[in-house]
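Report on the structure given below.
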Amino acid sequence: RAGAVIPMWPAAQCTRDVDRSQAALHIWPGDGKLDHYEDDMESRAYRRGHFRLTSFRMQLRGNVLKLSWDAPRGLFEPERKDWKLAFHGISEGNARVDGASAAAIRSQNRLNLRIEDDNQPHEVILEF
């Protein structure tokens, strides 16, 4: 569906076995948003602020897609060290991250980017 941003992980037998360090955001171009929530999935530490909430926004204008996100809120530090972004339905194009040219890997009918998760806001622009 256009505008969808869906977090995905490798398959596991149960949720406690999911390797969240391998999380990827699968993105279908359009206008959309995602509030991505993370915590330790075991304790109630989220009540004391040990959670992480990252808000993503996406806009499509013609052949230009903009994905931006804010600095995360909360104290939780995930094992994941970068954001893996898979833009579906885009096989060719130019990518910029925070204004600088970025290397995108083409795979099947999608463009893949990896961006360090440094707890800062970022903006990705794809022209296709």
Item checked: Ratio Rg/Rh, restricted to the range 1-72 and using Cα atoms, in which Rh is the Kirkwood radius -> 1.05
Checklist line | Under 11 Å, Cβ to Cβ, from Pro78 - net charge with Lys/Arg +1 and Asp/Glu -1 | finding: -3
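Which whole-number percent gives the relative contact order of the chain, counting Cα pairs below 8 Å spaced six or more residues apart? Write out the running numbers ahead of the final one.
On the way: 294 pairs, mean separation 29.7, N = 128.
The normalised contact order for the chain reaches 23 percent.
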Next item on the list: Please provide three numbers in whole Å: the alpha-carbon extents of the range 34-104 along the principal axes, with the largest listed first.
Entry: 44, 23, 21
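Quick one: which of 57-66, 78-87, 4-13 comes out on top by average Cβ neighbours within 10 Å, and what's the full order, highest first?
Working: 57-66: 14.7, 78-87: 17.2, 4-13: 12.7.
Ranking, from highest mean packing down: 78-87, 57-66, 4-13.
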Item checked: With every protein chain in place, the chain: carbon and sulfur % of accessible area (1.4 Å) -> 48 percent
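The values are calculated or read from the model by the stated rules, or taken from the named source; none is laboratory data. These figures come from a predicted structure and were not determined experimentally. Note that we place each Cβ from the backbone using ideal geometry, even for glycine, and neighbour counts take in every protein chain shown. All accessible areas refer to the heavy atoms of the entire protein, side chains included, with ligands and DNA or RNA removed. Shrake-Rupley method; radii C 1.70, N 1.55, O 1.52, S 1.80 Å.
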